[in-house]
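These notes concern the structure reproduced below.
A short reminder: the numbers here are calculations on the coordinates, not readings from a lab. Note that the structure is a prediction, hence the values are computed from the model and not measured. When we count neighbours, we look across all protein chains shown, and the Cβ atoms used for this are built from the backbone with ideal geometry, even at glycine.
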Amino acid sequence: MSEKKSKKEKLADEIEQEELNILDESDETTEENVTEDTLTEDQAKILELENKLDEMESRYLRTQADFDNVKKRHVAELDAKQKYRSQSLAQDLLPALDSFEKALATKAEHEEVKQILKGMEMVYNQILVAFEKEGIEVIPAVGEQFDPNFHQAVMQDSDENAASNEITAELQKGYKLKDRVIRPSMVKVNQ
């Protein structure tokens, strides 16, 4: 009987072993499923983090570009401010300069008046030199072709000796600061 029992025991042991094997395979399958689920969850997290990183990099690059644009605009504004810093002073001095020109155009017969006019001419020339140092210059007019960017036509003339659209007289001098017109010349233009 011990042989039979041992056969039975062997058979029971084999069945038990098979059941254990089946359970082990089931556990492995469950572990594989868990591992695959974990992998897909991890991959999803990685993908999400990569998308966030791309978005942050894009936002960083846009912010950097905005900063560079603001910096360039600020530098350009400072350059323009420096370049045209004397414009308001020149505009304030132009009426005084016009008055000097009118006074210098008078004819003097007495020696004392001639001396005063000579002193005024020296002051006038000093102002012109200071204007020149700042880049302020007179806009040429008489004999030039009319240019609406630099001249303001206030009268027409019909001079046969002058070309059409040529400036025949300057009624008030115009001035420009570097490339910007401070005041256009008031002129008389030939038809």
> Which net charge results when you count Lys and Arg as +1 and Asp and Glu as -1 among the other residues whose beta-carbon is under 13 Å from that of residue 117?
Replying inline: -1
> Between the range 138-152 and the range 153-191, how many Å separate their Cα centres?
Replying inline: 5
> So which of 81/188; 102/133; 118/176; 83/114 end up more than 30 Å apart, counting from Cα to Cα?
Replying inline: 81/188; 83/114
> Can you work out the base-10 log of I(q)/I(0) for the range 56-96 at q = 0.20, 0.21, 0.28, 0.33 1/Å, using the Debye formula on its C-alpha atoms alone?
Replying inline: -0.68, -0.70, -0.86, -0.96
>> Can you give the local net charge around residue 159? Use residues other than it whose beta-carbon is closer than 13 angstrom to its beta-carbon, Lys and Arg +1, Asp and Glu -1.
In response: -2
